[in-house]
Amino acid sequence: MRTPLVALLFAGALLTMSACQEEAPSVPADEFPIDENLPPAVVDLPAPPPASAFEINEKNEDDTLRVEGLVGYRDRHMDKEVVVRGVVMEIKGDCDPKRARQRGESCPQPHLLIRDDADARHEMMVVGYTNDFIKKARVREGESYAFKGVYQRMAEGFVSSENGLLKLEAIDDNEVPKG
């Protein structure tokens, strides 16, 4: 019996509060006359970008895919073997897991971050190799390589961003060892 009474009192209080609020004053439009003698407003907008600015270049001149092209046309390439040329922006996971555990540090699995160039919008993770392979292939940050692999959403314990990731099979002529 007490709960319905509390609900009824609460509803009554809300109705009373809403009835006490003032309406916002309305201002008649004729209180603000338009001065016909004023010069027209000057609008200085930049020129619209050319249509070419919205085009996505899918491939490089050597017929390898661009990172931007792979991301832009992901539905064409998802879960397929591709060759994408990119610049290595970062080499991650270059640490010894045993030493990291002893120090209480984390040691991420090896992966690369690649882009078409340093200023490119899109970035992609490359996974599925060991640190020894990267050293043997002499991969360096800032250098461009052809990465062959399968374009996927998940691989090797990694979940990709919206760009997808590449499960690596080879860098240039260096094949990733199986197993």
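The values are calculated or read from the model by the stated rules, or taken from the named source; none is laboratory data. If you're wondering where the values come from, they're calculated on a predicted model, not measured in any experiment. Positions of Cβ are backbone-derived with ideal geometry, glycine not excepted, and every protein chain shown enters the neighbour counts.
Any residue at all in the range 119-130 that is within 19 Å of Arg76 (Cβ to Cβ), surrounded by 11 or more Cβ atoms within 10 Å (Cβ to Cβ) and of a type in the set (A, V, I, L, M, F, W, C)? Yes: one or more hits. Out of everything in the range 138-179 that is within 14 Å of Leu113 (Cβ to Cβ) and of a type in the set (Ser, Thr, Tyr), what residue ends up being modelled with the lowest pLDDT? Here the answer is Ser160.
Considering the range 58-137, the qualifying helices (runs of 4 or more DSSP H), each wholly inside and each with 2 or more residues that are under 21 Å from the mean Cα position of the chain (by Cα) and at pLDDT 90 or above, run over 67-72, 74-77.
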